[in-house]
Each structure stands twice: as C-alpha cells, then as structure tokens.
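Report on the following structure.
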Amino acid sequence: MGCVMLRMLMVLLMTVFLPVPGALALSDSDYRALLQSSPEFRQAEAELSAAWKRALQSVKSVEGMAWRELRDDQRDWVAATRDEEARACMAGGMRKDHAYAKVTRDRAAYLNSFVR
C-alpha cells in the first residue's frame, strides 16, 4: 500500500473511530513527520492497519467481544494508551520513532490475537 493510501486510510480511521477530533497526544504534525521520516514507523502503521481490518472482520463473525467493544478499545489506545506506552519506552532511552513503531507493532500483534 502506498504512503498516500496509508495516510488516507489512517485519517479515515481516526475520523471515524476517535471520539473527539484532534484528541491524540501525538499531534497530527508529529504523526505526519514520523510517517515521513521513519520507515520503521510507516511499516508498523501498515501492519496495524492490516491487523485492524482482520480483527474487525473476525470479531464481527464471532460471538463474544462485540465489534463496538473492540472499536472503543482501539479509540482509547489511539487517544491515550499509545502515547503512554511510547513515553514509557522513551523514558527507558528509546528514540521517539522506535518507541512509536514498537508500541504500534505491539498493538498490531494484540489485534491479530482476535483473528480466527
């Protein structure tokens, strides 16, 4: 998926799934800068996007956790938890781009756990 397509998808997902526009602690300009400057973060975002699609489809087709619960959990992660996790990594000496890539990959792995 091209960078432009990935950005458009992420903007769409954030618009649809965030409760309040601009609620990210990672500002839009910081997010764009990370996408442009960090191939590792770009790849992690692509992995997250793919994992989100698969998890959402899987949860819709399986009884148990409703897709709304997963959507709300993802909103919370994007709005706050992602930044908290990244800050913890940075407090341990990790660079910002590596920290956000790591927590994004971790989230993708979590979402992949819903895929059946």
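The values are calculated or read from the model by the stated rules, or taken from the named source; none is laboratory data. Note that the coordinates shown come from a computational prediction; the quantities given were computed from them, not determined experimentally. Heads up, the Cβs are rebuilt from the backbone with ideal geometry, glycines too, and the neighbour counts pull from every protein chain shown.
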Selected residue (criterion: surrounded by the fewest Cβ atoms within 10 Å (Cβ to Cβ)) from residues of the stretch 88-113 that are touching a residue at least 60 places away in the same chain (Cβ under 8 Å) and under 15 Å from residue 49 (Cβ atoms): 112
So residue 4, is it modelled with pLDDT under 85, part of a helix (DSSP H, G or I) and crowded, with 18+ Cβ neighbours inside 10 Å: no
Enumeration of residues in the stretch 30-62 that are at pLDDT below 90, loosely packed, with under 15 Cβ neighbours inside 10 Å and in a helix (DSSP H, G or I): 57, 60, 61
